[in-house]
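Notes follow the structure.
The values are calculated or read from the model by the stated rules, or taken from the named source; none is laboratory data. Since the structure is predicted, the reported quantities are computational estimates derived from the model, not experimental observations. Reconstructed Cβ throughout: ideal geometry from the backbone, glycine too, with neighbour counts over all protein chains shown.
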Amino acid sequence: MASRFSTRLTVGVAAIVAFIGGLVVAGGFNLTPFGYAQQAGGGGKPPQAAVQQVTDASNAFVAIAEHVTPAVVSIQMERQARPMKVPRGGQQIPPGMEDFFKQFDPRQQQQQPMEGSGSGFLVSQDGYILTNNHVVADADKLTVTLLDKRVFKAKVIGRDPTTDVAVIKIDGTGFPTINLGNDENSRVGEWVLAVGNPLGLDFTVTAGIISAKGRSGQLRNLYASQYAIVDYIQTDAAINPGNSGGPLVNSHGDVIGINSAIASGTGYYSGYGFAIPISLAKTVMNDLIQYGHVRRAILGVSISDLRPEDAQAAGLKEIRGALVGGGTPGQASPAEKAGIEPGDVIVAIDGTPVDRVAQLQRIIRVHKPGETVGVDVMRYGQKHSYKVKLAEAPNESQLASNDDDDSGTDSSAEKPASYDKLGISVEPMTVDRASRAELSDANRGLAVVSVDALGPSYQKLQADADIIVKVLNPMPHAIRTVADLDSSISKLKNGDVVSLLVYNTQIKQSRVVNLRIGG
């Protein structure tokens, strides 16, 4: 049965020819319209030397597949039907009368049972299996099938939604295993094989190359957690529903990634697949086996990759680093305690240069909570260095919510105002509106009402969700009224960059947005 999981893990639309089978030999051969190599000036079969190169490449793929496939497993997941309750809008049901009223309530529904399939691979002879979190999450029963058709019940050892990595285990000894390699030594253009169980076709092997490394961007939408680490290997080896959790292996037969997501408009292979780097998965696996959960060290601030205007605002000549946004509402983060501020750009950790968010996350990931790291930042043209004592990321259930109660009166009577320089319209947050959005007093500013598709704020600010709470640079100023924003940007000219601290009411998190005046 094809897995339903992959439909949750599709992003974007991509179309590309996935795999070139065979080699074109230079010198004396021309590629004919029929797709085979023919000797110039002659006919018949190509020379043996040319055929041997293709044969050698084919035999290499065969050897890798034979070595890897016995350690790959098929995972079947079952989830029982569960009641799905819908709030009754505040109505109270007398105790003991729930069953009576349920028959009249169409909102009391039964969530259907679900089955799905995915992949995994054995990493130890005593039955530990590495796979994806989304393959085993919420499962009531897990069944693992090996290449030799042996079937085992499996139990979840631990899973981590922030990296989409999970460890399960089957009972037994002497299982075939696969070697975990080092993805950091892999290069774009290298041949790779993806092994798994796509669309119910068990133990399928596909081939391609590493198309890119360090992919994040819109792939962050795959995760709900603000602590997610998104750092994918991109490949054009065919990956489909059911491949999730299977290994991506290099030409040595070593695992360099866990196949996890596809870029598709249909939910099926369209040319691009994504795998979690095995170096990241290994550290998560070790924590899950040792502790049952991941002990992740964090700086405690949101970060994002740099855009040209971010680098300009920070005074950087190169577009590299990680832009610091806001911290956790209502509490000071380790980075903030050390002196790091929203709008700073992290350029190095312990002397190691930081080019992008995924790299920063991986550097921090090797540290334990309580350890101290040196952080270099650029702040609007000035370099600063700080020592940050890392904290432990809370479990998702521990994430603080904002329950501030603002009982003040609504003193705002200002109307929406348009700003051509920024390409937006804004209006003040009324007390009533701020209360409904559960805003703290610090996040009451100007709500973004509309965004001009041709302006500098397009795809950077979100209407009906973002609130401008502060101008960070060039004139630091808290924003509560239209007049506040007027005074902060009135003297800016085309080409200047303004840094804004923005709070999003949907994800309840702050970030820094740098806008270049006039686009």
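For this structure, a couple of remarks:
- Extreme residue, modelled with the highest pLDDT, among residues of the stretch 281-290 that are closer than 16 Å to Glu184 by Cβ and surrounded by fewer than 23 Cβ atoms within 10 Å (Cβ to Cβ): Lys282
- In the stretch 188-210, the residues that are under 22 Å from Ser58 (Cβ atoms) and within 21 Å of the chain's Cα centre (by Cα): Ala194, Ile210
- Only one entry of Gly325, Gly321, Gly370, Gly339 meets the criterion of being outside the structural domain of Met475 (by TED's automatic domain parsing) and touching a Gly at 6+ places or on another chain (Cβ under 9 Å), and that entry is Gly325.
- Scanning the stretch 421-436 for residues that are part of a strand (DSSP E or B) and either without any contact (Cβ under 8 Å) to a residue 24 or more places away in the chain or of a type in the set (D, E, K, R) (or both) gives a single hit, Glu427.
- Of all residues making up the stretch 161-179, the number that are in contact (Cβ under 8 Å) with a residue 60 or more places away in the chain and closer than 25 Å to Asn250 by Cα: 11
- Residues that are aliphatic (A, V, I, L, M), assigned by TED's automatic domain parsing to the domain that holds Leu130 and at pLDDT 90 or above are absent from the stretch 214-227 altogether.
- Within the stretch 163-195, tally of residues that are crowded, with 18+ Cβ neighbours inside 10 Å and at positive phi: 1
- Residue in the stretch 130-160 that is nearest to Thr69 (Cα to Cα), counting only those that are among the β-branched types (Val, Ile, Thr) and in contact (Cβ under 8 Å) with a residue 60 or more places away in the chain: Thr145
- With a requirement of 3 or more residues that are closer than 20 Å to Asp287 by Cα, the strands (runs of 3 or more DSSP E) lying completely within the stretch 118-209 that satisfy it span 128-132, 151-160, 165-170.
Matching residues to (1) surrounded by fewer than 23 Cβ atoms within 10 Å (Cβ to Cβ); (2) at pLDDT below 90:
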{"residue": "Ala237", "(1), (2)": "no, no"}
{"residue": "Leu248", "(1), (2)": "no, no"}
{"residue": "Gly271", "(1), (2)": "yes, yes"}
{"residue": "Gly292", "(1), (2)": "yes, yes"}
{"residue": "Arg296", "(1), (2)": "no, yes"}
{"residue": "Ser304", "(1), (2)": "yes, yes"}
{"residue": "Ala313", "(1), (2)": "no, no"}
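- Selection within the stretch 486-509 - among the small types (Gly, Ala, Ser) and under 16 Å from Asp310 (Cα atoms): Gly495, Ser499
Here's the yes/no breakdown for (1) assigned to a strand (DSSP E or B); (2) surrounded by fewer than 23 Cβ atoms within 10 Å (Cβ to Cβ); (3) in contact with a Phe, Trp or Tyr (Cβ under 7 Å, 6 or more places away or on another chain); (4) among the basic types (Lys, Arg):
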residue: Glu438; (1), (2), (3), (4): no, yes, no, no
residue: Arg480; (1), (2), (3), (4): no, yes, no, yes
residue: Lys493; (1), (2), (3), (4): no, yes, no, yes
residue: Arg511; (1), (2), (3), (4): yes, yes, no, yes
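- When Ser499 is tested against the conditions (1) modelled with pLDDT of 90 or more; (2) assigned to a loop (DSSP other than H, G, I, E, B), the lone failure is (2).
- Pair list, Cβ < 8 Å and 6+ apart or interchain, from the stretch 438-449 residues that are in contact (Cβ under 8 Å) with a residue 12 or more places away in the chain to residues that are basic (Lys, Arg) and surrounded by 16 or more Cβ atoms within 10 Å (Cβ to Cβ): Glu438/Lys508; Arg444/Arg480; Gly445/Lys470; Gly445/Arg480; Leu446/Arg480; Ala447/Arg433
- Verdict on Ala447 being crowded, with 20+ Cβ neighbours inside 10 Å, in a strand (DSSP E or B) and either in contact with a Lys or Arg (Cβ under 6 Å, 6 or more places away or on another chain) or of a type in the set (A, V, I, L, M, F, W, C) (or both): yes
- The one condition from (1) modelled with pLDDT of 60 or more; (2) out of contact with any Ser or Thr (no Cβ under 9 Å at 6 or more places or on another chain); (3) aromatic (Phe, Trp, Tyr) that Phe104 does not meet is (1).
- Cβ-Cβ contacts under 8 Å between residues 6 or more apart (or on different chains), taken from a first residue in the stretch 475-500 that is farther than 16 Å from Leu446 by Cα and touching a residue at least 12 places away in the same chain (Cβ under 8 Å) to a second residue that is of a type in the set (A, V, I, L, M, F, W, C) and outside any helix (DSSP H, G or I), are listed as Leu492/Val498; Leu492/Ile517; Lys493/Ile517; Asn494/Ile517; Gly495/Ile517; Asp496/Ile517; Val497/Leu515; Val497/Ile517.
- Strands (runs of 3 or more DSSP E) within the stretch 258-375 that include 3 or more residues hydrophobic (A, V, I, L, M, F, W, C): 272-277, 322-327, 345-349
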